[in-house]
Each structure stands twice: as structure tokens, then as C-alpha cells.
Amino acid sequence: MSQEFPNGVSYFTDGEISLTVHFPEDRVKCHYCPFCRSESDLNRYWCRLTNRMIYNPYILGLPDGCPIQINERR
């Protein structure tokens, strides 16, 4: 633990962010998300938002637990 918190952290102050992720022409899949990252050495994909492995980033739709909310088209 950091010298700044020698007895550990007793609580956290939370912050929130709102950001827009653009998917091309209704093709909502992890592959097009800027938070999907590849480990090329191991041929694995990870979500930088949830820190979870993405088993198939090419299937249509987002996995359970993804914090991205898709807006209805106008």
C-alpha cells in the first residue's frame, strides 16, 4: 500500500463519466468498440471498461455486464 495510506483506504470518493461510443451502421459488437483491446501474442481480447476477457469480439451485440447503453435510433 502507498505511504500516503499506511493503514489502508477506508472509503473512496466516486466520480462518473459519460461518453459516446460510435458503432458503424448498427453493427454493435466489441470489435468496433475503442475499449476492446487485443493481446496479439496470445490472440485474446480484453475490455478496458470492465477488465474482462472478450471471447468473441466479432459477434453482434454486446456481452452481459457491458456498461454501454445503446440509444434508440431517431
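So the values come out like this:
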read-out	value
Among 37-44, 58-65, 7-14, the order from most to least packed when residues are scored by Cβ within 10 Å on average	58-65, 37-44, 7-14
Residue 31 accessible area, 1.4 Å probe, all protein chains in place, Å² to nearest 10	80 Å²
Rough spin-label spacing in nm, given labels placed 7 Å along Cα→Cβ, for residue 42 and residue 14	3.0 nm
The chain - Rg (one decimal) and Dmax (whole number), Cα, Å	16.7, 53
Assigned charges on the beta-carbon of Lys, Arg, Asp, Glu; the range 24-74 dipole about Cα centre (debye)	80 debye
Mean Cα-pair separation over length for the chain, i.e. relative contact order, pairs under 8 Å, 6 or more apart, %	23 percent
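The values are calculated or read from the model by the stated rules, or taken from the named source; none is laboratory data. Values in this document were obtained by computation on a predicted structure and should not be read as measured data. Cβ coordinates were reconstructed from backbone atoms using ideal geometry, including for glycine residues, and neighbour counts include every protein chain displayed. Just the protein is used for accessible areas: all its heavy atoms, side chains included, with ligands, DNA and RNA removed. Shrake-Rupley method; radii C 1.70, N 1.55, O 1.52, S 1.80 Å.
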